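Here the structure is laid out as structure tokens; the discussion comes afterwards.
Derivation of every value follows stated rules applied to the coordinates shown; laboratory data play no part. Computed from a prediction, not measured in an experiment: that's the story for all the values here. We place every Cβ from the backbone using ideal geometry, glycine too, and count neighbours over all the protein chains shown.
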């Protein structure tokens, strides 16, 4: 844990130093974006190693709830410092994009506060006090059904995910799947195999899409294809808390 703690300022700097102009453009044009690797292999291994330890508020068996197969665990407060640093740093960069999207869809500007602490204050006022960042572990035959991570009245329109396992060595299959449910058209799937430690930024619920008469809403769901070999551990960072 001490190594993770020592890397907290470095992680915030790595998030800040990403090409946010490119990421914003990719989010606008296709609804998702992929950062350069932010976590190094050692940090990935340390975070993945937390899965069988303490520090979690709940553990979900996906098959029991018909969510797929595999397990995921929600962190308890206080979050590991590296996870908290990622949550804070990404939020600061994503809030302006969230407000731009909100203006296109609803005319509300600004809708989301500048800091993550202010968003959590809104969550608490709505009775949403349980932390939502989580670790997910998949083994051969495991998968995750398409879904949205909405936990109450207050939600932030983006979330981020990084695969802590090495896709070139640790597992096969297990692609990240993002499905667009386009109005009056067939659905469109995006399938990604992100490098270890890189973060996928994607919508929690929907995105604005430019049409002939202005912007309209495109709903999205995400999941994971079946792992065919090895073990895939991922970190999901959701910015709003749960009821």
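Convex hull over the alpha-carbon atoms of the chain: what's its volume per residue in Å³?
On the way: hull volume 30.3 nm³, N = 243.
Taking the convex hull of the Cα positions in the chain, it is 125 Å³ per residue.
If you take every DSSP beta bridge fully contained in the range 95-233, what fraction is antiparallel? Give it as a percent rounded to 5. Approximately 100 percent, going by the DSSP bridge assignments. Taking every DSSP helix (H) stretch of at least 4 residues in the chain, weighting each as -39,500 (n - 2.57) and dividing the sum by the residue count yields a mean residue ellipticity at 222 nm of -8500 deg cm²/dmol. Ordering 231, 118, 43 by the number of other Cβ atoms within 10 Å of each residue's own Cβ, fewest first, gives 118, 231, 43.
Derived value for the range 132-183: Kirkwood hydrodynamic radius 13.8 Å. Basis is the mean of 1/r over every pair of different alpha-carbon atoms. The convex hull built on the alpha-carbon positions of the range 155-243 has an orientation-averaged projected area of 7.2 nm². With a simple spin-label model that places each label point 7 Å from the Cα along the Cα-to-Cβ direction, the separation between residue 117 and residue 168 comes to 4.1 nm.
Residues 102, 213, 58, arranged from fewest to most other Cβ atoms within 10 angstrom of their Cβ, appear as 213, 58, 102.
Ordering 201, 97 from the fewest to the most neighbouring beta carbons within 10 Å gives 97, 201.
Express in nm, to one decimal, how much length is gained between residue 125 and residue 182 on full extension, taking 0.36 nm for each residue of separation and deducting their alpha carbon distance. Before the final figure, lay out each step's value.
Working: separation 57, 0.36 × 57 = 20.52 nm, distance 3.37 nm.
Extending this stretch completely gives an extra 17.2 nm.
Calculated from the alpha-carbon coordinates, the range 67-126 shows an Rg and a Dmax of 14.6, 40 Å respectively.
Using 0.36 nm per residue of separation minus the Cα-Cα distance, give me the extension gain between residue 59 and residue 20 in nm, one decimal. Write out the running numbers ahead of the final one.
On the way: separation 39, 0.36 × 39 = 14.04 nm, distance 3.41 nm.
Stretched out fully, the residue 59 to residue 20 stretch lengthens by 10.6 nm.
The range 1-100: percent of C-alpha pairs farther apart than 21 Å?
Numbers: 2409 of 4950 pairs.
Of all Cα-Cα pairs in the range 1-100, 49 percent lie more than 21 Å apart.
Can you tell which of 185, 210, 172 shows the greatest fluctuation in a Gaussian network model of the chain with Cα springs below 10 Å? So, out of 185, 210, 172, the one fluctuating most is 185.
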